[in-house]
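Below is one structure, written out as structure tokens; the observations come after it.
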Amino acid sequence: MASLIEGYLGSESVRRGQRLAIHVCTTSDRFRVDFYRVSAQLEFVGSSEWFPGVVASVPPHPHVASEPASPAVDWNWPRYKHAVPEGWPPGLYLAVFVEESDDRVPCTVPNEPAAVRGFGREFFIVRPRPGGVTAQILYKKSTFTRHAYNRADNGSRTRSGSLYDNPIYTARPGHPCGHKVSMRRPGGIDDLAYWDTPFVKWLAVNGYSVDFCTDLDLHENPDMLAHYRLLLSVGHDEYWTEAMRTNLERFVARGGNVAFFSGNTCWWRTHVTDDATAIVSDTDHYVEGVFPHLPAADQWWPPPPNGVGQPENALTGVSFRNGGMWPGDWPGDRPRHGFAVQHAAHWVFAGTGLRDGTSGAPQDFLGAGTPLIGYECDGAAFKFDSAGVAFATGADGTPESFLILGLALLEPVNEDYYNPRARHWNCPPREPEITGPRAATMGIYTTGGTVFTAATTDWPVVVGKRLDANVEQVTRNVLDRLGCD
């Protein structure tokens, strides 16, 4: 058998002094775990003891006889424990599984965020102790979306089991019905490498003090947000529980602020099950060549019984149904026109020098020449006034006070990906239907607190890789205005 090591963590969020549960399968006689904090660089913080290696089995898929494994159950691999030292600061951490035969020694993983990508590693959050919060900004790591897409592959095996690949639909009486994925499975961490690591590095380099939490933290702890001024949603943030939305909406109503540096945000409702180790969402994905339930009941915007009846626009200001997805392999090619700037005198654009065309000078485009308008992006229903300025109509649930600051018309829109009626001929119409042009829609509104939306998955990539100085400046303006005293 070829050399192999992979694993997952019992929890993605711990406090200093708690014990981190580590589940590992390896062909090596012994292994250890090296730990790094993701900051301006990868900071080596220590190693575990050597643990005895065990080759563990993979739970079979109940319906697919070939290579895929079940995505819906706890893989129940051998568990080891490591006490999180009191000296580790709060933050985002990387765990690297190291075989005894591996010639790596601690701190030889390249000391750059790009080294995060790969298998045989996992991430976790170290939260501050109660009463120990010092940051005013809370960064929410999009963990439910990560688990929905996690195929549990590794470098040598393609298992193809996720909410999208060979999914399993559950329909037990008294339990949420839908596609189920366990959060206790191994997998790659491309999401962390692509979105989070470059952006976290940028935050550290620019002097921002940030605490971190997971989706499950926000789901379980309604009072957690009270210690912060600003919550960040970053990258691809598609799956939200009702408790997450409720907790965040209460935070905003009480004066808290949100920055959605993300896209495809809050598209599906999900449910936490199995003692908070799995999630279930009634989506519109194939199971064994058929759709188990249409229309999918866990889409936020359609009214009951064909949906939740709480348009995501009411929180975010925008929706994926008014945006779109570019075809092709992820992350794919996309137009590089950027956002057409509106209301250039707004504080969001301070220090950029960008123009909106009202002075007679040409209209500028934020992020032009970069892949800012991500492979998935969100929009608001809008019209143009007599001066050619776009305004939100509110027909889709967007708050009346939402101000459109940037617009990127989507032509063409990939209907097959975003519109269930285009994919499923037997899916009944959903009202209200939104007609007219669709566009990625950067904007802001205030109701109690202030909510800014970048409306694109790739905003943190452009910022983290420093591809556009004005996108960086807008990000600073948002963080400074909404997240600092």
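Values for this structure:
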item: Thr265 among the β-branched types (Val, Ile, Thr), surrounded by fewer than 22 Cβ atoms within 10 Å (Cβ to Cβ) and either without any contact (Cβ under 8 Å) to a residue 12 or more places away in the chain or within 19 Å of Gln299 (Cβ to Cβ) (or both); result: no
item: Candidate set: the range 452-485, residues that are part of a helix (DSSP H, G or I) and basic (Lys, Arg); chosen: the one nearest to the chain's Cα centre (by Cα); result: Arg476
item: Long-range neighbours under 8 Å by Cβ, at least six apart or interchain, first residue without any contact (Cβ under 8 Å) to a residue 24 or more places away in the chain within the range 369-388, second assigned to a strand (DSSP E or B) and small (Gly, Ala, Ser); result: Phe384/Ala390
item: Those residues of the range 272-297 which are in contact with a Ser or Thr (Cβ under 7 Å, 6 or more places away or on another chain), buried (at least 19 other Cβ atoms within 10 Å of the Cβ) and part of a loop (DSSP other than H, G, I, E, B), in sequence order; result: Ala296
item: Strands (runs of 3 or more DSSP E) enclosed by the range 152-243 - at least 3 residues per element that are touching a residue at least 40 places away in the same chain (Cβ under 8 Å) and over 24 Å from Asn264 (Cα atoms); result: none
item: Residue that is modelled with the lowest pLDDT [pool: residues in the range 128-151 that are within 19 Å of the chain's Cα centre (by Cα) and assigned to a loop (DSSP other than H, G, I, E, B)]; result: Arg151
item: Selected residue [of a type outside the set (D, E, K, R), touching a Gly at 6+ places or on another chain (Cβ under 6 Å) and buried (at least 16 other Cβ atoms within 10 Å of the Cβ)] from Leu354, Leu366; result: Leu366
item: Of all residues in the range 153-187 being small (Gly, Ala, Ser) and closer than 23 Å to Val290 by Cα, the one that is farthest from the chain's Cα centre (by Cα); result: Ala171
item: Of all residues making up the range 1-31, the number that are surrounded by fewer than 21 Cβ atoms within 10 Å (Cβ to Cβ), part of a strand (DSSP E or B) and over 25 Å from the mean Cα position of the chain (by Cα); result: 2
item: Selection within the range 170-189 - surrounded by fewer than 22 Cβ atoms within 10 Å (Cβ to Cβ) and either of a type in the set (A, V, I, L, M, F, W, C) or at pLDDT 90 or above (or both); result: Thr170, Ala171, Pro176, Cys177, Arg184, Ile189
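The values are calculated or read from the model by the stated rules, or taken from the named source; none is laboratory data. Everything quoted here is computed from the prediction, not taken from an experiment. As a convention, Cβ positions derive from the backbone with ideal geometry for all residues, glycine included, and neighbour counts pool all protein chains shown.
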